[in-house]
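Contents: one structure, followed by commentary.
The values are calculated or read from the model by the stated rules, or taken from the named source; none is laboratory data. Everything numeric in this text was worked out from a predicted model, so none of it was measured. Heads up, the Cβs are rebuilt from the backbone with ideal geometry, glycines too, and the neighbour counts pull from every protein chain shown. These accessible areas exclude ligands, DNA and RNA; they are computed on the full protein's heavy atoms, side chains included. Shrake-Rupley method; radii C 1.70, N 1.55, O 1.52, S 1.80 Å.
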Amino acid sequence: MAGFAAVAAMLSFTLRAAHKQAGAATAMAAGLMLFFFALTQLGTAVEALRSLSDRAGSDAGEDGLAGKAALCGKMLLMMQTLPLINEIGELTLSLIP
């Protein structure tokens, strides 16, 4: 991912010198690709945790409480990604003329 981001940044910088909108579009497309890649990885991580939780089966008959605990865990994961999502949004807005 870091290599892709570096190449995209260099390409965007080079294109921006010749054609400002092409450089901005390249940077935006690369940012969206990185964002969606991060989302797919997040989905994989959540699915692995869900699978582990299902196999453990240790909610002691308290399905409602277990569901709320799982929801809290997912919300904490989402809160950890908010700075990244915010940075991508700020970057995207800064590229829009």
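Counting only protein heavy atoms and a 1.4 Å probe, tell me what percentage of region 15-97's accessible area is made up of carbon and sulfur.
About 69 percent, which is the carbon plus sulfur part of the accessible surface.
Determine the per residue accessible area of the chain with all protein chains present and a 1.4 angstrom probe, expressed in square angstrom.
Per residue, the chain has an accessible area of 75 Å².
Taking θ as phi - 60°, what are the ³J(HN,Hα) couplings along region 75-90 by the Karplus curve (6.51, -1.76, 1.60), each to the nearest whole Hz, with x for Gly and Pro?
5, 5, 4, 5, 5, 5, 8, 4, x, 5, 4, 4, 5, 5, x, 4
Sort Met10, Met78 by accessible area with a 1.4 Å probe, largest first.
Largest accessible area first, the residues go Met10, Met78.
Measure nothing but the geometry: give the 0 to 90° angle between the long axis through the Cα atoms of 20-56 and the longest principal axis through the Cα atoms of the chain, rounded to 10°.
Once rounded, the angle reads 10 degrees.
Which value results for Rg/Rh of the chain when Rg is the Cα radius of gyration and Rh the Kirkwood radius based on the inverse mean 1/r?
In the chain, Rg relative to Rh is 1.20.
Please give the helix 2-18 orientation as an angle from the longest Cα principal axis of the chain, in degrees from 0 to 90, rounded to the nearest 10.
30
Tell me the mean residue ellipticity at 222 nm calculated for the chain from its helices only (DSSP H runs of n ≥ 4, each -39500 (n - 2.57), averaged over every residue, nearest 500). Spell out each step's value before the answer.
Details: 3 runs with 87 residues, N = 97.
Using -39500 (n - 2.57) per qualifying helix, the result is -32500 deg cm²/dmol.
Placing +1 on the Cβ of each Lys and Arg and -1 on the Cβ of each Asp and Glu in region 1-94, which of Ile85, Leu15, Gly3 has its Cα farthest towards the positive end of the resulting dipole?
Of the candidates, Leu15 comes out farthest on the positive side.
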